[in-house]
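Heads up: the structure comes next, in structure tokens.
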Amino acid sequence: QVQLVESGGGLVQAGGSLRLSCAASGRTFSRYDMGWFRQAPGKEREFVAAISWSGGYTVYADSVKGRFTISRDNAKNTVYLQMNRLKPEDTGVFYCAAARGAITTSKYNYDYWGQGTQVTVSS
């Protein structure tokens, strides 16, 4: 079992930055690939970024490449999402998730989810 708690969301102006954190409980955090997803009002939850269990492989949605960076610290059981040059279309609830097996961009392959943190980008 893995429990995930996100933090770091808030209100920011377009062009600004935020750093999201996701703290995981359990001693097996380092065995999980981790992902970030976001959900805008009235829209499906969509993939943002993922990182392999070792941190050696990352993958990003095209819409965030070059602006967002995912990282992890297995000693702290935490995964991060650094978000720069934020745009109004980045607004939504951001969720972190944990997956066993191969790194994946599909929300259906993630086993555990956090409760989400709201990010609002004003124009």
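Please sort by residue number the chymotrypsin sites (Phe, Trp or Tyr not before Pro) in the range 33-123 whose DSSP state is loop and whose Cβ has at most 16 other Cβ atoms within 10 Å.
Here the sparse-neighbourhood loop sites are Tyr57.
In the chain, what percent of the accessible surface is made up of carbon and sulfur (1.4 Å probe, ligands and nucleic acids excluded)?
Ligands and nucleic acids excluded, carbon and sulfur give 47 percent.
Place a +1 charge on the Cβ of each Lys and Arg in the chain and a -1 charge on the Cβ of each Asp and Glu, then give the dipole magnitude about the Cα centre in debye, rounded to the nearest 20.
The dipole magnitude comes to about 180 debye.
Return one whole number: the accessible area per residue of the range 22-80 in Å², for a 1.4 Å probe.
On a per-residue basis, 51 Å².
Please name whichever of Ser7, Phe37, Ser71 sits farthest to the positive end of the charge dipole of the chain, dipole taken about the Cα centre and charges placed at Cβ: Lys and Arg +1, Asp and Glu -1.
Farthest along the dipole direction, towards plus: Ser71.
Compare Asp90, Asp111, Asp33 in a GNM of the chain, Cα atoms joined below 10 Å, and give the one with the largest fluctuation.
Result for the chain, Cα springs under 10 Å: Asp111 fluctuates most.
Quick check: net charge around Tyr32, other residues with Cβ under 10 Å of its Cβ, Lys/Arg +1 and Asp/Glu -1?
Its environment carries a net charge of +1.
Take every Cα pair under 8 Å in the chain that's 6+ residues apart, average their separations, divide by the length, and report that relative contact order as a whole percent.
Reported relative contact order: 36 percent.
The values are calculated or read from the model by the stated rules, or taken from the named source; none is laboratory data. This one's a predicted model, so the numbers in the text were calculated from it and none came from an experiment. Positions of Cβ are generated from backbone atoms using ideal geometry, with glycine treated the same way; all protein chains shown enter the neighbour counts. Ligands, DNA and RNA are excluded from the accessible area calculation, which covers all protein heavy atoms including side chains. Shrake-Rupley method; radii C 1.70, N 1.55, O 1.52, S 1.80 Å.
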